[in-house]
Amino acid sequence: MQTQTPEQLTNKKCVPCEGGVPKYSLDEARAQLANLTGWRLTHEGQRIRKDWVVKNFTAGIDFFNRVATVAEDEQHHPDLHLEGYRNAAIELYTHAIGGLSENDFILAAKIDRLPISLKK
């Protein structure tokens, strides 16, 4: 799998996955993550995650609503976490294959373009 820039990823559309798609290897995932700011591998390289400290609870919910709109448009749905009212996190992986696919990096790049009110 070829490493892509965030611009290349945001110009793509997620492809429906019902399985049968090869997972990114750990090396492929690391190489792709090098182009995405703040995302890291979790779950032994099977997921990617990014954390933010938002201004307040409402800022977190507003951000998650924007993420939900993009996720619905892409038909690829992340795990959203809001803890302690301002600690927001998103985890991405392709459920049907139990690991990372191009869809996860496409959605991560699109999420990175969304506005978010961070704690100062």
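What follows draws every value from the coordinates through simple rules; no lab data is involved. Bear in mind the structure is a predicted one, so any value in this text is a computation, not a measurement. No Cβ is skipped: glycine too gets one built from the backbone with ideal geometry, and neighbour counts run over all protein chains shown.
Neighbour counting of Cβ atoms within 10 Å sorts the residues T42, T94, fewest neighbours leading, into T42, T94. Charges were assigned to the Cβ only: +1 to each Lys and Arg, -1 to each Asp and Glu. The resulting dipole of the chain about its Cα centre is roughly 500 debye.
Please give the contour-minus-distance gain from H77 to A34: 0.36 nm per residue of separation, less the Cα-Cα distance, rounded to one decimal in nm.
13.2 nm is the gain from fully extending H77 to A34.
Put simply, when 99-106, 72-79 are sorted by average Cβ atoms within 10 angstrom per residue, most first, you get 99-106, 72-79. Could you work out the local net charge near E28, counting Lys and Arg as +1, Asp and Glu as -1, over the other residues with Cβ closer than 13 Å to its Cβ? Counting the neighbours of E28, the net charge comes to -1.
Helix content alone sets the calculated 222 nm mean residue ellipticity of the chain: runs of n ≥ 4 DSSP H residues at -39500 (n - 2.57) each, divided across all residues, give -10500 deg cm²/dmol. Among the listed options (1) 106; (2) 115; (3) 96, the one matching volume of the Cα convex hull per residue in Å³ as calculated from these coordinates is (3). Among the lysines of the chain, pairs that are 8 or more positions apart or on different chains and have alpha carbons within less than 16 Å of each other number 6.
Each Cα pair under 8 Å and six or more residues apart adds its separation to the average, and for the stretch 22-120 the resulting relative contact order is 35 percent.
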